[in-house]
Ligand code: FAD
Ligand code: DHB
């Protein structure tokens with residue numbers, strides 16, 4: 001088989017790339033190793049940056065988001081039992097949207113299929129070859145058979161554990177990595193959110209986060225060990241710990257049936273370069289952030305937007321420059337996103353190795369960013385998202 005752009009992975013990066021290319025009249029095929037149901041129900045992120053939400057609206061994908069998502073004009077920091085609001089609207093004129101990643105994925109799949117585009121589910125890419133020729137090839141398994149997809153360009157949007165990054169030449173690949181000595185225990189519960197906006201809480205027992213998915217479903221997280229045994233966390237212990245870490249005046253945590261529990265490890269990671277020959281990486285395939293600050297999904301969609309624009313310049317206007325500069329364009333944003341996620345994580349979590357001095361520094365930093373207009377603005381402008389390019 002043949003297509004112009006062969007895309008590996010039907011996550012936010014791969015699907016957004018396909019959506020934008022299709023709108024520019026560029027033929028592409030998406031290969032996804034899981035089923036459609038699997039990718040449409042996979043629970044992950046929930047916050048969309050301002051420009052990412054605008055991009056969805058401008059490309060015909062805003063209807064469900066604006067109907068069932070929530071616009072958040074600010075967020076809250078909680079420490080020493082006191083809540084501090086960061087007013088995005090007043091500080092930056094922008095907002096974020098609370099809308100689940102799997103809903104974005106559903107919208108993107110529906111749009112692609114409605115416009116006659118192709119996504120091959122249960123099609124696992126097993127190899128990428130000939131990226132230094134004009135016609136690279138993706139080898140994949142589908143319906144029990146080994147097949148080939150010949151293309152002009154391969155976009156590896158196959159997540160952190162995909163095959164795309166491994167196809168970069170080892171002698172050119174540079175990796176930058178940090179693992180954190182903790183993880184997040186995340187739950188979904190049938191409970192109305194106890195607050196209309198998120199609460200990022202720093203507590204002596206560790207970080208916690210109050211988020212939500214709808215007016216009847218809460219999403220909550222607790223800092224835990226990176227290899228935390230979930231069996232040690234019966235529902236009552238989770239609610240007790242959340243109530244303790246989120247406690248402040250006038251606040252009452254709403255409890256309810258917990259219907260999903262998981263532990264996520266935390267790391268920062270960047271691979272450079274994000275391209276070689278006709279192979280381009282986008283999203284988690286090239287970089288990972290710890291979840292504090294809600295950047296992973298947004299970074300993946302931004303890469304896809306930058307790559308789509310560059311491919312369009314090359315194929316529709318014979319201008320190869322944006323594609324040649326793809327790594328450079330993405331990494332200028334990505335390193336700032338890495339910094340913000342690392343900083344939010346470092347400022348808000350409990351580190352067992354910290355000295356009393358380190359803890360005072362953490363506290364002074366929180367106090368500064370929650371009270372100074374310059375500090376709040378710096379936090380807000382990163383949270384609502386840096387310009388796409
Ligand atoms: P993915 O969404 O990982 O998509 C990659 C796709 O490629 C997958 O569908 C995969 O099945 C497919 N694939 C992989 N290998 C192959 C292959 N060989 N052949 C075919 N298909 C393949 N971010 C936040 O901002 N906030 C959060 O709260 C948050 N929570 C998260 C919780 C979890 C458990 C995880 C894993 C991530 C979380 N993230 C969060 C990060 C965010 O979800 C990711 O950054 C985002 O999904 C990246 O999108 P992507 O398209 O690059 O990769
Ligand atoms: C959510 C996750 C995050 O990592 C974050 O910073 C904010 C919200 C969420 O899942 O709702």
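Residue count for the stretch 277-322, restricted to those that are farther than 22 Å from residue 59 by Cα and assigned to a helix (DSSP H, G or I): 3.
Looking at the stretch 295-328, which of its residues are surrounded by 24 or more Cβ atoms within 10 Å (Cβ to Cβ) and near ligand 1 (Cβ under 9 Å from one of its atoms)? Passing the criteria: 295, 297, 298, 299, 300, 301, 303, 304. Among the residues making up the stretch 353-385, those that are modelled with pLDDT of 95 or more and assigned to a loop (DSSP other than H, G, I, E, B) are 354, 355, 372, 384, 385. Selection within the stretch 46-71: residues that are at pLDDT 95 or above and closer than 17 Å to residue 220 by Cα. The member of this set that is nearest to ligand 1 (Cβ to nearest atom) is 47.
When you go through 196, 240 one by one, which is the residue that is more than 14 Å from ligand 1 (Cβ to nearest atom) and assigned to a loop (DSSP other than H, G, I, E, B)? Unique residue meeting the criteria: 196.
Screening residue 183 on (1) in contact (Cβ under 8 Å) with a residue 40 or more places away in the chain; (2) under 24 Å from the mean Cα position of the chain (by Cα); (3) assigned to a loop (DSSP other than H, G, I, E, B) shows it passes everything except condition (3).
When residue 103 is tested against (1) within 16 Å of ligand 2 (Cβ to nearest atom); (2) closer than 13 Å to residue 31 by Cα, only condition (2) is not met.
Within this structure, residue 189 passes the test of being within 30 Å of residue 35 (Cβ to Cβ), under 22 Å from the mean Cα position of the chain (by Cα) and within 16 Å of ligand 2 (Cβ to nearest atom). Taking the numbered list (1) under 20 Å from the mean Cα position of the chain (by Cα); (2) closer than 30 Å to residue 204 by Cα in turn, residue 53 passes all entries but (2).
For residues in the stretch 143-163 being in a strand (DSSP E or B) and touching a residue at least 60 places away in the same chain (Cβ under 8 Å), which is nearest to residue 315 (Cα to Cα)? Steps first, please.
From the stretch 143-163, those in a strand (DSSP E or B) are 145-150, 153-156; that's our starting set.
Still in the running and touching a residue at least 60 places away in the same chain (Cβ under 8 Å): 147-150, 153-156.
Numbers: 147: 26, 148: 22, 149: 19, 150: 16, 153: 10, 154: 14, 155: 15, 156: 18 Å.
Checked the stretch 143-163; the qualifying residue nearest to residue 315 (Cα to Cα) is 153.
Might you let me know whether the stretch 256-269 holds any residue that is within 14 Å of ligand 2 (Cβ to nearest atom), over 25 Å from residue 25 (Cα atoms) and crowded, with 24+ Cβ neighbours inside 10 Å? So far as the stretch 256-269 goes, no, none of its residues is within 14 Å of ligand 2 (Cβ to nearest atom), over 25 Å from residue 25 (Cα atoms) and crowded, with 24+ Cβ neighbours inside 10 Å.
The values are calculated or read from the model by the stated rules, or taken from the named source; none is laboratory data. Given the structure is predicted, the values throughout are model-derived calculations rather than measurements. Here Cβ is always computed from backbone atoms with ideal geometry, including for glycine, and neighbour counts include all displayed protein chains.
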